[in-house]
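What follows is a set of notes on a single structure, which appears directly below.
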């Protein structure tokens, strides 16, 4: 029962993260805000895929495999990290121009 509540909280906080990142993007209209929104969407996609796997709706180990390597299991977290790094680099460049 507790695991279901925690899974529901993961989904809820993911939606809140996307909501606030889109609000931030629409308020400031900077590239770093847009990149943060993309990162939030990728993170939420990862949460949804994890939940679908937990409830046995999909099998990540057999989906999108290349030479027996499941791409969803390894590529999506890697994309999230790369997107977050890109967001920070863009943010630093924008703030450096402001000074």
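Every read-out reported here was derived from the displayed coordinates using simple, explicitly stated rules and does not represent laboratory data. Just so it is clear, the model here is predicted, and its values are computed rather than measured. Cβ sites come from the backbone with ideal geometry, for glycine too, and all protein chains shown count toward neighbours.
Tell me the mean residue ellipticity at 222 nm calculated for the chain from its helices only (DSSP H runs of n ≥ 4, each -39500 (n - 2.57), averaged over every residue, nearest 500).
One gets -28500 deg cm²/dmol as the mean residue ellipticity at 222 nm.
Given R₀ = 35 Å, FRET efficiency for residue 26-residue 62 by Cβ-Cβ distance, to 0.05?
That gives a FRET efficiency of 0.35.
Taking only Cα atoms, what is the 0 to 90° angle, nearest 10, from helix 71-98's long axis to the longest principal axis of the chain?
It is inclined by approximately 10 degrees.
Mind checking the angle between helix 2-28 and the chain's longest principal axis? C-alpha axes, 0 to 90 degrees, to the nearest 10.
Computed tilt is about 20 degrees.
Give the distance, in whole Å, between the Cα centre of region 34-85 and the Cα centre of region 1-27.
Centre-to-centre (Cα) distance: 16 Å.
Using the scaling law 2.2 N^0.38 Å as the reference, what is the normalised Cα Rg of region 2-98? Mind dumping the intermediate values first?
On the way: Rg = 15.9 Å, N = 97, 2.2 N^0.38 = 12.5 Å.
In units of the 2.2 N^0.38 Å rule of thumb, it is 1.27.
Relative to the compact-globule scaling 2.2 N^0.38 Å, provide the ratio for the alpha-carbon radius of gyration of region 19-75.
Cα-based Rg divided by the globular estimate yields 1.47.
Could you work out how far helix 31-54 tilts from the main Cα principal axis of the chain, as a 0 to 90 degree angle to the nearest 10?
10 degrees
Could you order the peptides 62-72, 30-40 from most to least packed, using the average number of other C-beta atoms within 10 Å per residue? Please list the in-between numbers first.
Values: 62-72: 11.4, 30-40: 19.9.
The peptides rank, most packed first, as 30-40, 62-72.
For residue 50 and residue 96, what is the calculated FRET efficiency with R₀ set at 30 Å and r taken between the beta-carbons, to the nearest 0.05?
Efficiency for this residue pair is about 0.25.
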